[in-house]
Amino acid sequence: MNREEVLNIVIKNIKLNVDGLEETEIDPQKSMAAYGTSSLDIVEIVNSSLRELKIKVPRTQLAGLMNINDLVDKLTQVKNEGV
Amino acid sequence: MIDKPLFVPAPPFCLEISTPGILDELTLQQTTRQPPASGEVEIQVCAVGLNFKEVMKALGIYPGNSEEYVTFGGDCGGKIVSLGEDVEEFEIADEVIGIAAKSFSSFATVPTHLVVPKPANLSFEEAVTIPGAFLTAYYALYHLGRLKKGDRILIHAATGGVGLAAVELSQMVGAEIFATAGNPQKREFLRSLGIKYVMDSRSVAFADEVMELTDGKGVDVILNSLAGEFIPKSLSVLAKFGRFLEIGKRDIYENSQLALYPFRNNLSFFAIDLGQVWLERPDFTLSLFREVMRCFEDGILKPLPHKIFPIGEVVSAFRYMRKAQHIGKIVVSLTK
């Protein structure tokens with residue numbers, strides 16, 4: 001799966017989980033918090049994306065990620081390497 | 001996102017999730033009733049209060065919880081439908097409130113030390129805002145924190161259930177309140193309660209503000225549920241002989257380190273897990289519960305502000321709490 005597809009899944013889940021972002025352009029260089037997400041919103045966005053990608057990533061490996069791009073990189077890497 | 005209403009099966013049913021992680025996977029499943037054992041009663045549940053802990057369990061992030069099949073509990077109110085052997089203090093059809101391990105169910109079986117009569121002047125929806133929030137705040141502020149008239153108290157995240165209960169208890173005793181909350185609407189609400197010093201809970205700037213407002217003296221008691229750097233920052237504004245009341249879980253379960261130097265000032269740190277109190281100290285829990293309820297019967301304390309969701313919209317209730325925009329409690333009604 002290419003990075004673009006993973007990015008689209010993450011953005012879709014951000015829009016599904018946060019009110020008022022339907023028409024908003026999501027900039028992956030920003031953090032999710034910049035779009036008004038609570039810490040638990042982020043948990044569900046990440047869980048939904050993992051479920052859709054059919055992968056598992058330990059929460060500790062996601063803790064230090066700074067922005068949406070970092071998350072997409074991590075998910076793409078796990079998806080493609082099967083680690 | 002608009003949540004689809006859940007299918008509500010014929011009772012008895014209970015709320016569950018087979019693989020925690022996504023709130024849409026909460027379902028109401030048919031179940032069987034559990035006859036009360038000695039010292040227990042069975043309640044037909046009319047309303048339940050949602051706690052943050054249950055949302056964390058549903059998302060699979062509650063510390064110490066395995067990620068398997070989960071059911072949901074907490075504050076509940078309803079009518080007694082069955083009594084265990086040698087239960088004498090209740091009768092069938094008594095209207096009660098309490099705390100049940102599996103309260104998101106049509107029927108809950110509960111030990112009697114976690115059940116008290118519902119005050120007649122309150123609806124079930126109002127009454128279920130009381131148990132968890134007020135017992136936690138009462139135990140923390142009065143029993144451990146020895147809060148008294150004239151004390152200064154800093155209440156973090158003060159628009160949540162425990163936070164608002166702590167505000168009421170602080171006002172009742174005549175303490176001076178400093179409060180934090182996460183957005184302007186919440187802060188405005190706190191000011192409307194007569195709290196003069198209201199700050200942002202998303203920034204550690206509160207520490208400088210508290211020191212300035214108290215002429216460098218700090219506060220006597222802190223009720224904290226914020227994580228990470230907020231803990232040492234908060235300790236830094238605790239006055240001599242101050243009491244730090246920790247109701248958060250994250251840093252404790254992550255075994256976070258805390259520097260001891262601030263404690264030279266006769267400070268105390270209390271870690272509070274109400275669930276353990278009611279499991280290990282049943283008689284004490286019941287006496288606390290009765291003291292709290294007397295204040296409601298006398299009208300000194302008021303139920304918390306709350307928003308009601310019918311049971312078919314329980315996913316929306318969980319999601320509403322997940323978004324962290326609410327003030328007070330979220331209540332799920334099984335009769336509305």
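The values are calculated or read from the model by the stated rules, or taken from the named source; none is laboratory data. It should be emphasised that the depicted structure is a prediction, and the values quoted were computed from it without experimental measurement. Ideal geometry is used to build each Cβ from the backbone, glycine not excepted, and the neighbour counts take in all protein chains shown.
Is it the case that some residue within the stretch B:143-163 is at pLDDT 95 or above, more than 21 Å from the chain's Cα centre (by Cα) and buried (at least 22 other Cβ atoms within 10 Å of the Cβ)?
yes
For the stretch B:274-293: of the residues being exposed (fewer than 13 other Cβ atoms within 10 Å of the Cβ) and of a type in the set (D, E, K, R), which is farthest from B:S170 (Cα to Cα)?
B:E280
Residues in the stretch A:13-49 that are of a type in the set (A, V, I, L, M, F, W, C) and in contact (Cβ under 8 Å) with a residue 40 or more places away in the chain: A:I14, A:I26. When the stretch A:10-27 is filtered for residues that are away from chain B (no Cβ under 14 Å) and crowded, with 17+ Cβ neighbours inside 10 Å, the ones remaining, listed by number, are A:V10, A:I11, A:I26. Among residues of the stretch B:138-157 that are part of a loop (DSSP other than H, G, I, E, B), those with a beta-carbon under 8 Å from a residue that is among the charged types (D, E, K, R) at least six positions away or on a different chain give the pairs B:G145/B:R243; B:R146/B:R243; B:L147/B:D220; B:G150/B:E176; B:D151/B:E176; B:D151/B:D220.
Put simply, of A:K30, A:K56 the only residue that is more than 13 Å from every other protein chain (Cβ to nearest Cβ) and either in contact with a helix residue (DSSP H, G or I) (Cβ under 9 Å, 6 or more places away or on another chain) or assigned to a helix (DSSP H, G or I) (or both) is A:K30.
Yes or no: B:S203 without any contact (Cβ under 8 Å) to a residue 12 or more places away in the chain and among the small types (G, A, S)? Even if it seems obvious, please write down each step before you answer.
Numbers: without any contact (Cβ under 8 Å) to a residue 12 or more places away in the chain: yes; among the small types (G, A, S): yes.
Spelling it out, B:S203 is indeed without any contact (Cβ under 8 Å) to a residue 12 or more places away in the chain and among the small types (G, A, S).
When B:A137, B:A207, B:A120 are checked against the criterion of being buried (at least 24 other Cβ atoms within 10 Å of the Cβ) and of a type in the set (A, V, I, L, M), a single residue qualifies: B:A137. Of all residues in the stretch B:294-308, those being crowded, with 19+ Cβ neighbours inside 10 Å and either more than 19 Å from the chain's Cα centre (by Cα) or farther than 29 Å from B:S170 by Cβ (or both) number 0.
Among the residues of the stretch B:300-312, is any within 14 Å of chain A (Cβ to nearest Cβ), in contact (Cβ under 8 Å) with a residue 24 or more places away in the chain and under 18 Å from B:L26 (Cβ atoms)?
Taking the stretch B:300-312 as the starting set, the residues that turn out to be within 14 Å of chain A (Cβ to nearest Cβ) are none.
Checked the stretch B:300-312: no residue is within 14 Å of chain A (Cβ to nearest Cβ), in contact (Cβ under 8 Å) with a residue 24 or more places away in the chain and under 18 Å from B:L26 (Cβ atoms).
Just to be sure before I move on: is B:V87 touching a helix residue (DSSP H, G or I) at 6+ places or on another chain (Cβ under 7 Å) and either among the β-branched types (V, I, T) or not assigned by TED's automatic domain parsing to the domain that holds B:H113 (or both) in the structure I sent? Spell out how you get there, then give the answer.
Numbers: touching a helix residue (DSSP H, G or I) at 6+ places or on another chain (Cβ under 7 Å): yes; either among the β-branched types (V, I, T) or not assigned by TED's automatic domain parsing to the domain that holds B:H113 (or both): yes.
For B:V87, the condition - touching a helix residue (DSSP H, G or I) at 6+ places or on another chain (Cβ under 7 Å) and either among the β-branched types (V, I, T) or not assigned by TED's automatic domain parsing to the domain that holds B:H113 (or both) - is met.
Only a single item in (1) out of contact with any helix residue (DSSP H, G or I) (no Cβ under 7 Å at 6 or more places or on another chain); (2) surrounded by 23 or more Cβ atoms within 10 Å (Cβ to Cβ) is not met by B:K217, and it is number (2). Counting just the residues of the stretch A:33-44 that are closer than 18 Å to B:M321 by Cα and small (G, A, S), which one comes out nearest to the other protein chains (Cβ to nearest Cβ)? Among those residues, the one meeting the criterion is A:S38.
Listed here are the residues, each with its yes/no results for (1) assigned to a loop (DSSP other than H, G, I, E, B); (2) buried (at least 19 other Cβ atoms within 10 Å of the Cβ); (3) within 14 Å of chain A (Cβ to nearest Cβ).
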position: B:P9; (1), (2), (3): yes, no, no
position: B:E16; (1), (2), (3): no, yes, no
position: B:L28; (1), (2), (3): no, yes, no
position: B:P35; (1), (2), (3): yes, no, no
position: B:I43; (1), (2), (3): no, yes, no
position: B:V55; (1), (2), (3): no, yes, yes
position: B:G60; (1), (2), (3): yes, yes, yes
position: B:E68; (1), (2), (3): yes, no, no
position: B:C76; (1), (2), (3): no, yes, no
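Determine, yes or no, whether B:V314 is under 30 Å from B:D24 (Cα atoms), at pLDDT 95 or above, among the β-branched types (V, I, T) and not in a helix (DSSP H, G or I).
Numbers: under 30 Å from B:D24 (Cα atoms): yes; at pLDDT 95 or above: yes; among the β-branched types (V, I, T): yes; not in a helix (DSSP H, G or I): no.
When the stated conditions are applied, B:V314 does not pass them.
Of the numbered criteria (1) loosely packed, with under 13 Cβ neighbours inside 10 Å; (2) touching a residue at least 40 places away in the same chain (Cβ under 8 Å); (3) among the aliphatic types (A, V, I, L, M), the one B:I92 fails is (2). Considering the stretch B:178-189, and only residues there that are farther than 23 Å from B:K217 by Cα and in contact (Cβ under 8 Å) with a residue 24 or more places away in the chain, the residue that is surrounded by the most Cβ atoms within 10 Å (Cβ to Cβ) turns out to be B:K186.
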